[in-house]
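Working notes, structure below.
The values are calculated or read from the model by the stated rules, or taken from the named source; none is laboratory data. Just so you know, these numbers come straight off a predicted model, no measurement behind them. Quick reminder, even Gly has a Cβ in these numbers, built from the backbone with ideal geometry, and neighbours come from all protein chains shown. Each accessible area value is taken on the protein alone, full model and side chains, heavy atoms only, with ligands, DNA and RNA left out. Shrake-Rupley method; radii C 1.70, N 1.55, O 1.52, S 1.80 Å.
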Amino acid sequence: EGFDLLGEVKVDYDALCEFGGYTRGVIICCRATKDREDAESGEEDKDATSQRIDFRSRFFGPKVGILEDAVTGSAHCSLGPHFGAKLNSDRVVGRQESERGGLVECKLLHGDDKARRVVEITGTAVRAIAGMLFVKISHCPDMIAS
């Protein structure tokens, strides 16, 4: 049910730009449609690759020039611990429901302090831009490679 609502969200980007409650972006999310307990019966929420999905999300960042991001790794660094705690798991999988969409596996590392956990994210990347950046370093001429 939550996913149905998530996919239907229509965003007023002008209003989101005027809203002062954030600087970088806004995440909307929900638990996956089926309960984790259904996994044992084969009824869990899965994507086309049969990967179990624990939560779904969308990310909007119009203030930084991104109306809706396809797959946001940094958002999953917050979502992973949130849903890991809710599901009592050190491994959760999220599906970002943008037009392109994508899966992000979140492994929660480094001990019991959940506020300071390290999140290892794994997924498939799509190259969005390629180029070269030239930086002139004038204060350390000996450091410049020839």
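Taking the stretch 109-144 as the range and being touching a helix residue (DSSP H, G or I) at 6+ places or on another chain (Cβ under 8 Å) and either modelled with pLDDT of 80 or more or within 15 Å of Ala75 (Cα to Cα) (or both) as the test, the residues that pass are Arg117, Val119, Ile121, Gly123. How many of the residues making up the stretch 16-50 are open to solvent by 50 Å² or more (accessible area, probe 1.4 Å), modelled with pLDDT of 50 or more, not in a loop (DSSP other than H, G, I, E, B) and not basic (Lys, Arg)? Residues flagged as open to solvent by 50 Å² or more (accessible area, probe 1.4 Å), modelled with pLDDT of 50 or more, not in a loop (DSSP other than H, G, I, E, B) and not basic (Lys, Arg) within the stretch 16-50 amount to 4.
Selection of first residues in the stretch 5-23 that are within 15 Å of Gly65 (Cα to Cα) and among the aliphatic types (A, V, I, L, M) and of second residues that are open to solvent by less than 70 Å² (accessible area, probe 1.4 Å) and assigned to a helix (DSSP H, G or I), restricted to Cβ pairs under 7 Å at least 6 apart or on distinct chains, gives the following pairs, ordered by first then second residue: Leu16/Pro62. Residues that are in contact with a Gly (Cβ under 9 Å, 6 or more places away or on another chain) and open to solvent by 10 Å² or more (accessible area, probe 1.4 Å) within the stretch 80-100 comprise Asp90, Arg91, Arg95, Glu97, listed in sequence order.
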